[in-house]
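So the structure is just underneath, and the comments pick up after that.
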Amino acid sequence: MHRSGLIVTALILSTTANATDFGPIGGAIGETKPIIDTRLRYEGVDQEPMAEDAEALTLRARLGFETGKAWNTALLVEGEFVWPLISDYNSTINGKTQYPVVADPESYEFNRVQLTNTSLSQTTITFGRQRVTLDDQRFVGNVGWRQNEQTFDALRVVNKSITNLTLDATYFNQVNRVFGKDSPQGRYEGDSFLANAGYQFPIGKLTAFGYWLEFDPIPNVAAAVRDSSETYGLRFAGERPLNKLKLAYAASYATQQQYSDNPLNFDNDYYLLELTGTYRQFYVGLGVEVLEGNGVKGFTTPLATLHKFQGWADKFLTTPVDGIDDRYVNAGFTLKGVGPLDTLGAAASYHTYEAERISQDYGSEIDLQLQAKWKRFIGTLKYADYSADGLFTDTEKFWVQVEYVW
């Protein structure tokens, strides 16, 4: 399949010169743009008490094209290919359970195949396999950190007819998860709906949302149907200048119950408060994020870009049954024009974790990152150190990666 994707891309690029001779379709082909998005990454994991450390060197390539519009409709086709070059790790499907997990299995699949139509005024309709990210990706995201991106087989409608108001509705019947099509947990199927409405005020954006997730049972994967839920919430986020300082703020609240055929009974809440101050190239922030648990099920966000939250060591991808209270501080800077580099940035954060429902410490974590951008290349060094206390085990992770996007 990856060979055919490359051939199709080459044919499209080779015929664009004379494509305008063939009417609207030819015009659309003539405006075709290639998609080239590659990432080479080394990930090392030292996790107690496992005797073996994980070492993964993987290459990910997204190759495809997006046409111009014919009858207000554009076509996008993108293949995604993940090759393990060093495979001393548990990919979740390679059977190497003596190693810690690095959830980047070998994979070859269509990442996105979508039609986008803009015939209706101020309205965009997208049909097919597509990327869906909402707000800060705490509830719905593409899990862009992992090599195999999460996408949705969906129908999405976004309307901006009313000034400052964005209405966003999505129906999907399959989630293509980061574990890949060869994994038992690589596809979640079922009839699910996402509704998101945001209004932009001068001081920030207020968003109301409702997400109804219905996942069919999967043999030997109990988490699928148990992740079925209905969630309602509000989010407000914005920023304001304060003399020479820029102040950014965010607050979120959501409530969640079981939905559809979920056999569990729960009624959990979610809270987030964040405040960040930026002075020139430097920033400092602090926040608290709470996901409740009732002792049987924690507040669940199975569609989120989870790596972005609760530390880069990824110890809390599944919310503990007694919930989690994450308090954190972060700081960093971004410098422009450092030698030949376009930008050079650094970031650091510190988290403390504890249970929400009972008195139990979960430990703490330090995260560090250095990132440089030069033309179309991005280089990243990244480190996470989780110190356990009453849950999980000590874990260190280290990444070196280079990205190229055309």
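The values are calculated or read from the model by the stated rules, or taken from the named source; none is laboratory data. As the structure is a prediction and not an experimental result, all values here were calculated from the model. Here the Cβ is made from the backbone with ideal geometry for all residues, glycine too, and neighbour counts use every protein chain on show.
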Here are T255, T276, T334: which of them is modelled with pLDDT of 95 or more, under 27 Å from W212 (Cβ atoms) and polar (S, T, N, Q)?
-> T255
Of all residues in region 259-273 being assigned to a strand (DSSP E or B) and among the hydrophobic types (A, V, I, L, M, F, W, C), which is surrounded by the most Cβ atoms within 10 Å (Cβ to Cβ)?
-> L272
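So which residues in region 369-406 are touching a strand residue (DSSP E or B) at 6+ places or on another chain (Cβ under 6 Å), of a type in the set (A, V, I, L, M, F, W, C) and closer than 12 Å to A313 by Cβ, if there are any at all? It would help to see each step written out before you state the result.
So the first thing to find is which residues in region 369-406 are touching a strand residue (DSSP E or B) at 6+ places or on another chain (Cβ under 6 Å), and the list is 369-373, 376-391, 394-406.
Retained after the next criterion (residues that are of a type in the set (A, V, I, L, M, F, W, C)): 370, 372, 377-378, 381, 384, 388, 391, 398-400, 402, 405-406.
Hits for region 369-406 are A384, A388, F398, W399.
For region 79-106, which positions are assigned to a strand (DSSP E or B), without any contact (Cβ under 8 Å) to a residue 60 or more places away in the chain and of a type outside the set (A, V, I, L, M)?
Once the filter is applied, which keeps residues that are assigned to a strand (DSSP E or B), without any contact (Cβ under 8 Å) to a residue 60 or more places away in the chain and of a type outside the set (A, V, I, L, M), region 79-106 yields W83, P84, S87, D88, N90.
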For L247: the one exception among (1) surrounded by fewer than 15 Cβ atoms within 10 Å (Cβ to Cβ); (2) out of contact with any Lys or Arg (no Cβ under 8 Å at 6 or more places or on another chain); (3) part of a strand (DSSP E or B) | (2)
Would you check if there is a residue in region 381-401 being without any contact (Cβ under 8 Å) to a residue 60 or more places away in the chain, β-branched (V, I, T) and out of contact with any Ser or Thr (no Cβ under 7 Å at 6 or more places or on another chain)?
-> no
How about region 57-78: which of its residues are assigned to a loop (DSSP other than H, G, I, E, B), touching a helix residue (DSSP H, G or I) at 6+ places or on another chain (Cβ under 8 Å) and of a type outside the set (V, I, T)?
-> G68, K69, W71
So, first residue touching a residue at least 12 places away in the same chain (Cβ under 8 Å) in region 157-175, second residue β-branched (V, I, T) and in a strand (DSSP E or B), Cβ within less than 6 Å, six or more apart or across chains; the pairs are V157/I125; V158/T124; N159/T123; K160/T166; D168/V158; A169/V157
For region 217-236, the count of residues that are surrounded by 15 or more Cβ atoms within 10 Å (Cβ to Cβ) and closer than 15 Å to T301 by Cα equals 10
Give region 286-315 a look and list any residue that's surrounded by fewer than 20 Cβ atoms within 10 Å (Cβ to Cβ) and either more than 18 Å from R138 (Cα to Cα) or more than 22 Å from the chain's Cα centre (by Cα) (or both), or say none.
-> N294, G295, V296
So, first residue within 20 Å of L303 (Cα to Cα) in region 316-327, second residue at pLDDT below 95, Cβ within less than 8 Å, six or more apart or across chains; the pairs are T318/A223; P320/L391
Only one of these is within 22 Å of G298 (Cβ to Cβ) and of a type in the set (D, E, K, R): E214, E239, E189. Name it.
-> E214
Kindly check whether there is at least one residue in region 236-244 that is assigned to a strand (DSSP E or B), in contact (Cβ under 8 Å) with a residue 40 or more places away in the chain and touching a Phe, Trp or Tyr at 6+ places or on another chain (Cβ under 6 Å).
-> no
Exactly one of R146, R177 is charged (D, E, K, R), buried (at least 19 other Cβ atoms within 10 Å of the Cβ) and in contact with a strand residue (DSSP E or B) (Cβ under 7 Å, 6 or more places away or on another chain), and that residue is R177
